[in-house]
Amino acid sequence: MQFRTKMIAPPADAAGLVNTFYIIETGSETIEEAIPAYSAQLLIMVRGKVSFTFADGSVGQSSTVFINGPQMRSARALLEGPVLQIGASLTHTAWQRLANLPADEVHDQLIPAEAVLAADQIAMLEAAAAACREGRIPPEALCTHLTQAIASGRHRLHGDQVAVVEAILRWLASGFDPALADLYASVSVSPRQLQRICRRFFGVPPAQVLKRFRALRAAMLLAQPATSQELHDQLMATYFDQAHLIRDIRRYAGRTPTQFRRESLVDELLDPAAHGDAGTPLKAAAE
């Protein structure tokens, strides 16, 4: 076995908290892979280890329980097997309720679990990892423990923040290239407030969020070749030329279009369900 991945849709008690759970399992070999620009991740390493090299050259090393902060760029991951990793992709509001760490300040880095979780929460997740390692519980059972930790978020969000985040997500889901004017018209806060809230939850202003999500959608489409020609043409029409498409996909997904022809962990990580509203226009085509 070189690798196996499994995406797990969040149950009702994780709705609004988790985009998706995922399991990554590898053999004894070492595998290097690109990690797309994900939202914040809470991860449990049952066995093996993984190191991340981020766009600025910084390197982070996994522990039994750790957090990959929101990514603005793709990263490289070196998985030293045999690996068994269970992760949860957090929604933007769940991350702020849990960590209260602005995405524009803590992006593209690993964050120690103790910076976000209480000692008893870390102990609970570490005990669950040990139970899985010893074969007493299956990997899928760790999703329940991750949900418990994520749902404990104690930081309060202001109503206007939540409303703006929801408006941004609706705007992103409305099409492949929605107009910025439509977003500004849909919120009751000032343009300056919208920019500030967007930076806190998404890491960058709205125009840059759209650019990232559009590139991820293009990568998802390339990783899901069964999508229709009509959908393909609609998405590709949002790019000025092939060079811009290749540049953006490499920046946010870590691969070039031709590299999607080989089997990769990224093929599963680019499942539309793994990216929340980034994948909304592609979900129906993938089902």
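The values are calculated or read from the model by the stated rules, or taken from the named source; none is laboratory data. The model shown is predicted, which means the values in this text are computed figures rather than measured ones. Here Cβ is always computed from backbone atoms with ideal geometry, including for glycine, and neighbour counts include all displayed protein chains.
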Could you check how many residues of region 140-180 are among the aromatic types (Phe, Trp, Tyr) and out of contact with any Leu (no Cβ under 6 Å at 6 or more places or on another chain)? 0
Confirm whether Val164 is over 21 Å from the mean Cα position of the chain (by Cα), in contact (Cβ under 8 Å) with a residue 24 or more places away in the chain, over 22 Å from Pro10 (Cβ atoms) and surrounded by 16 or more Cβ atoms within 10 Å (Cβ to Cβ). no
With (1) under 18 Å from Thr20 (Cα atoms); (2) of a type outside the set (Asp, Glu); (3) not assigned by TED's automatic domain parsing to the domain that holds Pro10 as the list, and His145 as the residue in question, which single condition is left unmet? (3)
Could you list all residues from region 167-187 that are part of a helix (DSSP H, G or I) and buried (at least 18 other Cβ atoms within 10 Å of the Cβ)? Ala167, Ile168, Leu169, Trp171, Leu172, Leu183
Run down Leu90, Leu17, Leu79 and say which single residue is more than 24 Å from Gln259 (Cβ to Cβ) and either out of contact with any helix residue (DSSP H, G or I) (no Cβ under 6 Å at 6 or more places or on another chain) or among the aromatic types (Phe, Trp, Tyr) (or both). Leu90
For Gly153, are the conditions met, namely being at pLDDT 95 or above and either of a type in the set (Asp, Glu) or assigned to a loop (DSSP other than H, G, I, E, B) (or both)? no
Selection from region 216-233 of residues under 16 Å from the mean Cα position of the chain (by Cα) and touching a residue at least 60 places away in the same chain (Cβ under 8 Å) yields Leu216, Arg217, Ala219, Met220
Hits in region 70-126 - residues which are in a loop (DSSP other than H, G, I, E, B) and either in contact (Cβ under 8 Å) with a residue 40 or more places away in the chain or among the hydroxyl-bearing types (Ser, Thr, Tyr) (or both): Pro70, Met72, Arg73, Ser74, Thr91, Asn100, Pro102, His107, Asp108, Gln109, Val116, Leu117
Gly57 versus (1) at negative phi; (2) out of contact with any Cys (no Cβ under 8 Å at 6 or more places or on another chain): which is the lone unmet condition? (1)
